[in-house]
């Protein structure tokens with residue numbers, strides 16, 4: 001059984017000082033297959049000092065220098081796509097085809113988006129007799145999750161490098177093989193000290209957030225984790241950018257094509273076995289269409305059973321099963337497809353039956369709670385006002401979608417949705433557009449120019465005429 005026990009510090013892959021270990025199981029089989037070691041305070045301190053030492057020189061580089069590094073990083077990920085996809089398939093459970101296209105492919109597009117937006121990010125502004133320049137915020141602590149381990153890391157790394165920051169990344173302890181490949185790629189493509197990586201768990205992350213040498217924190221993960229990070233960062237008033245959970249809704253209007261709209265929403269809601277923060281897990285349709293829509297969604301979900309991967313771990317499997325079994329006992333909720341337990345023929349590992357409910361209660365747990373598994377809920381609405389109220393009626397505000405043929409009506413609805421990104425009629429994801437949410441879905445934005453801006457601070461220089 002392999003033990004992953006390395007960090008990336010000052011451009012070199014070195015052994016971790018920390019001795020705490022964790023045994024991990026394959027999501028595909030449920031069998032223990034690897035160990036990972038967690039970084040300790042000494043590892044974090046060495047990494048932060050490395051980033052601090054590199055900051056003075058990297059922060060003064062020009063756009064072309066930064067662009068070359070970011071483009072080299074994107075090219076190396078593209079070159080190693082097969083290795084990365086295989087690692088993420090093994091550790092997260094994402095099916096191999098999706099793993100290569102999305103898990104390994106999306107980070108390349110995100111990085112190239114940063115390279116494109118670099119000139120705009122570094123261009124000064126003139127306001128009367130003032131020149132406003134955008135300066136790097138400093139040393140960034142980045143804490144990233146397991147569901148899209150490479151993409152989430154690159155969304156932070158690319159933006160920080162473009163801004164002129166240096167950083168320490170604490171990736172998820174559940175993806176050590178992916179982390180090791182990422183460290184190899186970073187060691188080959190980034191200047192020593194600009195990007196340091198210390199694998200570890202929540203204890204490692206807490207040490208990083210608390211470190212006095214860190215100037216800002218960027219965190220992606222659960223709402224609970226985000227609260228803990230924000231509270232820790234507040235001790236020293238560090239800026240804290242949070243990308244957290246979601247319970248996103250797709251609104252299908254009465255003039256939309258149900259066959260197209262429902263298929264796209266089901267495919268998106270079940271992507272990565274529902275382990276996607278923007279998944280459209282609430283499908284809102286006119287009351288008169290609920291029965292037909294639920295039947296279609298259930299049939300589509302059933303067809304996905306053999307195409308979905310597992311959820312990542314036993315803990316995650318148990319969490320998802322808990323949501324399903326409680327919903328099955330809720331009188332306001334009706335099971336349409338799936339249900340508790342493993343899919344037939346997939347009893348090994350952490351596979352979950354794609355599950356569809358219809359709910360009459362907007363406050364039901366299955367409607368309000370982020371399951372983070374392959375579970376969808378269909379609900380009916382009476383008019384556009386009620387559809388908007390239902391879509392906005394959770395603690396989250398990360399994503400939404402609207403389907404309809406009347407452009408003015410669709411625009412009127414999107415204008416009222418409290419969500420950071422809204423897809424209209426199945427429009428594709430844009431890796432250069434700002435990504436983030438409202439309410440408990442977090443604060444700050446990632447991707448493109450807006451993502452770079454999170455790691456910059458405007459400086460005003462006044463001169464006499």
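The values are calculated or read from the model by the stated rules, or taken from the named source; none is laboratory data. Worth saying up front: this structure is predicted, and the values here are computed from it rather than measured. All Cβ positions, even for glycine, are placed from backbone atoms using ideal geometry, and neighbour counts span all protein chains on display.
Within region 5-16, is even one residue under 24 Å from the mean Cα position of the chain (by Cα) and closer than 19 Å to residue 156 by Cβ? Yes - at least one qualifying residue is present in region 5-16. For region 394-417, the set of residues classified as surrounded by fewer than 17 Cβ atoms within 10 Å (Cβ to Cβ) and part of a loop (DSSP other than H, G, I, E, B) consists of 395, 405, 406, 415, 416, listed by residue number.
Residue 19 meets each of the listed conditions (1) assigned to a helix (DSSP H, G or I); (2) without any contact (Cβ under 8 Å) to a residue 40 or more places away in the chain; (3) out of contact with any helix residue (DSSP H, G or I) (no Cβ under 6 Å at 6 or more places or on another chain) apart from (1).
The condition of being free of Cβ contacts under 8 Å to residues at least 24 places away in the same chain and either farther than 17 Å from residue 171 by Cβ or under 22 Å from the mean Cα position of the chain (by Cα) (or both) does not hold for residue 83.
Checking each residue of region 3-11 against the condition of being out of contact with any helix residue (DSSP H, G or I) (no Cβ under 8 Å at 6 or more places or on another chain) and either under 29 Å from residue 307 (Cα atoms) or surrounded by fewer than 17 Cβ atoms within 10 Å (Cβ to Cβ) (or both) gives at least one match. Residue count for region 434-465, restricted to those that are under 23 Å from residue 120 (Cβ atoms) and either in contact with a strand residue (DSSP E or B) (Cβ under 7 Å, 6 or more places away or on another chain) or touching a residue at least 24 places away in the same chain (Cβ under 8 Å) (or both): 20. When region 97-124 is filtered for residues that are outside any helix (DSSP H, G or I) and over 22 Å from residue 270 (Cα atoms), the ones remaining, listed by number, are 123, 124.
Condition check ((1) in contact with a strand residue (DSSP E or B) (Cβ under 8 Å, 6 or more places away or on another chain); (2) under 24 Å from residue 385 (Cβ atoms)) across all residues:
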residue: 200; (1), (2): yes, no
residue: 227; (1), (2): no, no
residue: 244; (1), (2): yes, no
residue: 291; (1), (2): no, yes
residue: 296; (1), (2): no, no
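On the basis of being within 25 Å of the chain's Cα centre (by Cα) and either in a loop (DSSP other than H, G, I, E, B) or under 19 Å from residue 298 (Cβ atoms) (or both), does residue 377 make the cut? When the stated conditions are applied, residue 377 passes them.
The rows are residues; the columns are (1) in contact (Cβ under 8 Å) with a residue 40 or more places away in the chain; (2) in contact with a helix residue (DSSP H, G or I) (Cβ under 8 Å, 6 or more places away or on another chain); (3) surrounded by fewer than 22 Cβ atoms within 10 Å (Cβ to Cβ).
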{"position": "289", "(1), (2), (3)": "yes, yes, yes"}
{"position": "302", "(1), (2), (3)": "yes, no, yes"}
{"position": "313", "(1), (2), (3)": "yes, no, yes"}
{"position": "323", "(1), (2), (3)": "yes, yes, yes"}
{"position": "329", "(1), (2), (3)": "no, no, yes"}
{"position": "335", "(1), (2), (3)": "no, yes, yes"}
{"position": "347", "(1), (2), (3)": "no, no, yes"}
{"position": "356", "(1), (2), (3)": "yes, yes, no"}
{"position": "360", "(1), (2), (3)": "no, no, yes"}
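So for region 29-43 (the condition being in contact (Cβ under 8 Å) with a residue 24 or more places away in the chain and closer than 30 Å to residue 120 by Cα), does at least one residue qualify? No. Of the residues in region 81-96, none is in a helix (DSSP H, G or I) and either touching a strand residue (DSSP E or B) at 6+ places or on another chain (Cβ under 7 Å) or under 22 Å from residue 134 (Cα atoms) (or both). Within the option set 236, 305, 276, being out of contact with any strand residue (DSSP E or B) (no Cβ under 8 Å at 6 or more places or on another chain), within 30 Å of residue 137 (Cα to Cα) and in the same structural domain as residue 423 (by TED's automatic domain parsing) holds for one residue only, 276.
In this structure, residue 51 does not satisfy being under 30 Å from residue 271 (Cβ atoms) and surrounded by 18 or more Cβ atoms within 10 Å (Cβ to Cβ).
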